[in-house]
Amino acid sequence: MEDWYLPYSPSSLPVAQNVLVLAPHPDDEIFGCGGCLALYRRAGVNIHVYVLSDGAGYAEAEDRVEIYLTRQAETNAALASLGIGPAVFEGLADRSLAAQAELSSLIAEKVRQHQVDVILAPSMWEIHPDHLATFRAAWSAAAELLRAGEPVPTLLLYEVGAPQCANLLVDITQVWSEKQSAMLLFPSQLAHQDYTRHIQALNTYRTYTLPASVRFAEALSLVTPDQIASADEPGFDPIHHMMKVRMDSAMIAAEEDNSVLQSALGKRTEELQRRTAEAQRAETAFDLATSRAEAIRRQLDEAGLYQQRLCSQLAEAQRDRDEARQRLEMTLNSRAWRITAPLRWLSRLLRSFR
């Protein structure tokens, strides 16, 4: 039942010819979905990377250009290590993407330009405001294309700073070394945080429900054009919508889970009742056998007493017999018996003549 909430087998990437990768900052495209990009590249897919912000954070104005150029160079070096061409950099101010009203239109234009089948963008579960703004803009761009009657790409939402409730787990074991090498090409960022260790931990954790042969995986949420079409309405908020979808799915799964548990409980109750009845019958049979055993024991006790009485009587009879024998022997051996022997003979003779 756990597979209602998270895949328990590796997922395939959607088939595509042209993929657009939206990176809020220079490095998100590698840290978030570098494994999927390596797999797409191996499949001969055209990959277009669009980096939205300058990645300069809160740096002063005089330092921003240098930081921006450094991060551009790092991103392109990392992409080149995967066999992917240079990224396009929009150069918007870091942490300002939520205020960029034209961002969704810029993304929609990139989709038209490259005839994009799949957009890779951060998930709605991300913490950084630029990541959330990129997710919203990607959804809005897809909705804009839908309303214009143009082809709508599939959205694949990746994770960087926070695990998401995913419906795809892509096995990146075979390309892990490539992703790891690419992640090491961001020295300016690794000087602040050991992002490679964090991402390795995240991609390792994502194998928790997968076979042991899968050592690294990336988690994605797939949003189809039909899902976008079903939710396109005035005032629509994709984050609230996705939350509701996940909650509804969880409620449905919970109801199914409860139904299965109730069924299992019913069967278990029937089994317990059957076993209880069997136990009661066994107990009754045991009690009956115990009563019979007690009766036999009493009979044996009585037979034992009777045997003792018989033995006592037999012993007494044997004593009487022995005493009689002794008296007889004494009589036969006495002098009087021998003297009276002729008289006894004469008596028997006279009786024979009568």
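Read-outs throughout are calculated quantities, based only on the coordinates presented, and are distinct from any laboratory measurement. Model, not experiment: these values are computed from the prediction. Positions of Cβ are generated from backbone atoms using ideal geometry, with glycine treated the same way; all protein chains shown enter the neighbour counts.
Here are the numbers for the structure shown:
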read-out: Bridge type composition, the chain - antiparallel percent by DSSP, nearest 5; value: 30
read-out: Inter-site label distance for Gln200 and Ala282 at 7 Å from Cα along Cβ, in nm; value: 5.6
read-out: Shape parameters for the chain, alpha-carbon atoms, Rg then Dmax in Å; value: 49.6, 172
read-out: Separation between Cα centres of segment 20-85 and segment 286-350, rounded to whole Å; value: 121
read-out: Burial order of peptide ranges 108-114, 130-136, 298-304, 140-146 (average beta-carbon count within 10 Å, highest first); value: 130-136, 140-146, 108-114, 298-304
read-out: ³J(HN,Hα) computed for each position of segment 314-321 - Karplus, 6.51 cos²θ - 1.76 cosθ + 1.60, integer Hz, glycine/proline x; value: 4, 4, 5, 5, 5, 5, 4, 4
read-out: The chain - mean residue ellipticity at 222 nm from DSSP helices (-39,500 (n - 2.57) per run, n ≥ 4, rounded to 500); value: -20000 deg cm²/dmol
